[in-house]
């Protein structure tokens, strides 16, 4: 494995991997209440100790020289990537953006990009000899953790607010996780997960707390780079809630730049829902403290976040790359689900469709030019939220079983 | 392209591709009422006119020398396969079947094996210059057709009984299909689709009517063969409703045998739900007429079929390969969903879990030996039927947000 250190993204202090487990001890807890936390750690690799990419492997193990794991075989057996990179000609034409690319993670093992992170964190738990992992989550991250843990016989304890959506809770239970609904809010469940991590020696997977989720998610940037013929796109639109995926693509392209494999980072754009836009607001206000979005609310549950855990890293990534925030409405997200489905044959969950809606904003506002290569991350499968898909369409009325009735209906529904 | 003829699977009469479009004109309509139809056509290829597999392509285009398309580029851009072949060590141990393999199609573009067929049929529609495709279906086949058609700008007209499940109807609508609920039963919708095919010149995708769906689905056999190091497994368990997937893997391995790439076919087993078991019954009764299963009913909607369209081909495939039928209960299907989830991290729809339950039967009854290589087709994603997953698990009660309460819950839920 390539050796690495853990560097605080706020104060820059650096630690050996055995010296600290989660956050920078100097900075953790020092952010103002209700603001993005400080002390998130970043993995800084030394010179790669193995081939990058390693052609012996087709999936995420391909990138093992820049994964924080002692061996590629620590990754669970459910293969993660490569996912398709689409050049959707009909959608590109509809948008007037010939260089549009869709990086489509809907076909990953549990249907979301979160599999990338959970795979690496479960690998780390195996390396460290931990038998139980935990997180507080209502959604895709916990589902992914449950599946990856199941595939290697580790235990996952998922703390959820008792009001969490039944569908994702069902998925976790099918994967054999110990799902524990907790009286109170998400914050109560999260606080209890940290207590249990300390008290029971469990391994905590929560993003921007565990330092390794970013290095799991960054493989989406590596794949994109390789699929584009070893180059970066001009711009990349990322559905953004807590900011960790944005931090991860920033980390992935930064790793590539450090190796001389790209000469610049793509401009990164954070697509956020108008009702959960802490990072876009902080970027617009040049406010490095990243205040939380009080009462966050959007149909895009995967990017509905009050206090973004990786908010500070995300805002810096937007600034450093010359990108920015793209704030879209729930109506625009719903329309983007339909546009993506009928022009490209892809069914996205609302958070993923938000990225497409964001790309439409960016084009309209001149942030990206029609002659640029613009990649949009499709981070989650629409089957995770069929009801949201239903809002994008109109349920037709029945007809009598006759050719005449059919002819009239088909004419009325003509594209 | 490799030239081919269309041969009747009942009378053997052979036609040029331009001579006949759907069924053998001599045999169609000659089966007794309520029995599996006659006259299904099989594609018989001449010597391949191109490399097989073609290493230039990673996805289904790899097999173009044995696909009935004028060019691999006729296939829609949504990539189909290769899907993972898992060696699920924890599940294999739980079953006492070390050679267990799972061929996992849950990550295909619309989440089911039906994408393989729809991709080829849409390719054929493009070759023939047809602009509208149609089928009568309540499920995965129509969803797959809608997505593949959308990706290339063709129109899909889907006729559904007005009582069809809302979730799959939503998917089709998101993919921009013209979804037409028809008053009456499935049979009324199916009859209308045939009328419209004749009257309007639409291209009909219905399985075991259109002769090309089998050659789309057979790529699952080609992938399995290549992933096993260019050999066949000893046995293959196929979730079976209308019999087309069974016919397709039979066709795939028969194609390989014709090229000398395997020396025998794997034993094929049809896993059927007890409430929809026409093929297994006809096999057991040595009844070549394959009577329908009156009032078919099972939680596994994708294999719930009264009259199996490819029933005669399927029964012959079981007989020729030395396999058989495996009839499982809905309770066994539900338990298999949970077993697959918690030991392998895979969430399957009920039809797919039926194949795992069938493999358990085969092992118990000595039809497969513990030292054999036994592949199970996981044909559809559990996210298509979250309610079925819910029946496989118990929803836990909430706890107070304290370490003590958590400790007690985790101890009570210990594996």
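Only the coordinates and a few stated rules stand behind these numbers; no lab work does. As the structure is a prediction and not an experimental result, all values here were calculated from the model. As a convention, Cβ positions derive from the backbone with ideal geometry for all residues, glycine included, and neighbour counts pool all protein chains shown.
Treating the point 7 Å from Cα along Cα-beta-carbon as the label, what are the nm separations from residue B:365 to the other copies, to one decimal?
The answer, with the shortest distance listed first, is 6.4 nm.
Give the span of the range A:116-194's Cα atoms along each principal axis, as three whole-Å numbers ordered largest to smallest.
34, 24, 19
First obtain the Kirkwood hydrodynamic radius of the range B:170-292 from its Cα pairs, then insert it into the Stokes-Einstein equation at 25 °C and 0.890 mPa s, and state the resulting D in µm² per second as a whole number.
The calculation lands on 144 µm²/s.
Pairs of alpha-carbon atoms within less than 8 angstrom and 6+ residues apart define the contacts here; what relative contact order does the range B:124-223 have, in percent?
29
Taking Cα pairs under 8 Å and at least six residues apart, what relative contact order does the range A:299-382 come out at, in percent?
So the answer I get is 31 percent.
Please arrange B:148, A:395, A:1 by how many other C-beta atoms lie within 10 Å of their C-beta, fewest to most.
Ordered by Cβ neighbours within 10 Å, fewest first: A:395, A:1, B:148.
At 7 Å along the Cα-to-beta-carbon direction for both residue B:183 and residue B:131, put a label point, then send me their distance in nm to one decimal.
3.1
Determine which residues of the range B:124-148 fall in the zone a paramagnetic label at residue B:57 would reach in this model, i.e. backbone nitrogen under 12 Å from the point 7 Å along Cα→Cβ.
Counting backbone N atoms under 12 Å from the label point, the list is B:124.
Label-to-label distances across copies for residue B:289, with labels 7 Å out along Cα→Cβ, in nm, shortest first?
Sorted ascending, the copy-to-copy spacings read 8.4 nm.
Counting each DSSP H run of 4 or more residues in the protein assembly as shown as -39500 (n - 2.57), what helix-only mean residue ellipticity at 222 nm follows after dividing by all residues, to the nearest 500 deg cm²/dmol?
Helix contribution divided over all residues of the protein assembly as shown: -11000 deg cm²/dmol.
Restricting to the protein assembly as shown, compute how many DSSP beta bridges are antiparallel as a %, nearest 5.
30
Which value, in nm² and rounded to one decimal, describes the direction-averaged projected area of the C-alpha convex hull of the protein assembly as shown?
Over all viewing directions, the protein assembly as shown projects a mean Cα-hull area of 32.0 nm².
Measure out, as a whole number of angstrom, how far apart the alpha-carbon centroids of the range A:366-406 and the range B:326-368 sit.
34
Could you tell me the relative contact order of chain B? Use alpha-carbon pairs under 8 Å, at least six residues apart, and round to a whole percent.
It rounds to 16 percent for chain B.
With a point put 7 Å past each Cα toward its Cβ, work out how far residue B:285 is from residue A:199 in nm, to one decimal.
The answer from the label model is 6.3 nm.
Starting from the Cα of residue A:263, step 7 Å along the direction of its Cβ; do the same at residue B:191; then give the gap between the two resulting points in nm.
7.0
In whole Å, how far is the Cα centre of the range A:144-195 from that of the range B:264-278?
Comparing the Cα centres of the range A:144-195 and the range B:264-278, I get a distance of 37 Å.
Label position 7 Å from Cα toward Cβ: report the copy-to-copy distances for residue B:229 in nm, one decimal, ordered from shortest.
Spacings between copies for this position, smallest first, are 3.8 nm.
Taking every alpha carbon pair in the range A:11-58, what does the distance histogram look like in 10 angstrom bins from 0, in percent?
In whole percents, the pair-distance histogram is 21, 35, 23, 16, 5.
Hey, fewest Cβ within 10 Å first, where do A:8, A:27 land in order?
Fewest-to-most Cβ neighbours within 10 Å comes out as A:27, A:8.
Determine the equivalent ellipsoid of chain A by diagonalising the alpha-carbon gyration tensor, then write out the semi-axes as square roots of 5 times the eigenvalues, largest first, rounded to whole Å.
34, 25, 22
Provide the three semi-axes, in whole Å and in decreasing order, of the ellipsoid equivalent to the range B:301-415 as defined by the square roots of 5 times the Cα gyration tensor eigenvalues.
So the three semi-axes of the range B:301-415 are 36, 17, 10 Å.
Could you give the length gained on full extension between residue B:294 and residue B:166, defined as 0.36 nm per residue of separation minus the Cα-Cα distance, in nm?
Answer, rounded to one decimal: 43.6 nm.
Between residue A:369 and residue A:14, what is 0.36 nm times their sequence separation minus the Cα-Cα distance? Round to one decimal in nm.
123.8 nm
So what's the gap between the Cα centers of the range A:230-252 and the range B:51-118, to the nearest angstrom?
30
Grab every C-alpha pair in the range A:1-117, bin the distances at 5 angstrom width from 0 up to the longest one, and report whole percents.
Bin by bin from 0 Å, the calculated values are 2, 10, 13, 13, 14, 15, 14, 11, 6, 2, 0.
R0 = 35 Å: FRET efficiency of residue A:402 with residue B:30, Cβ-based, nearest 0.05?
0.80
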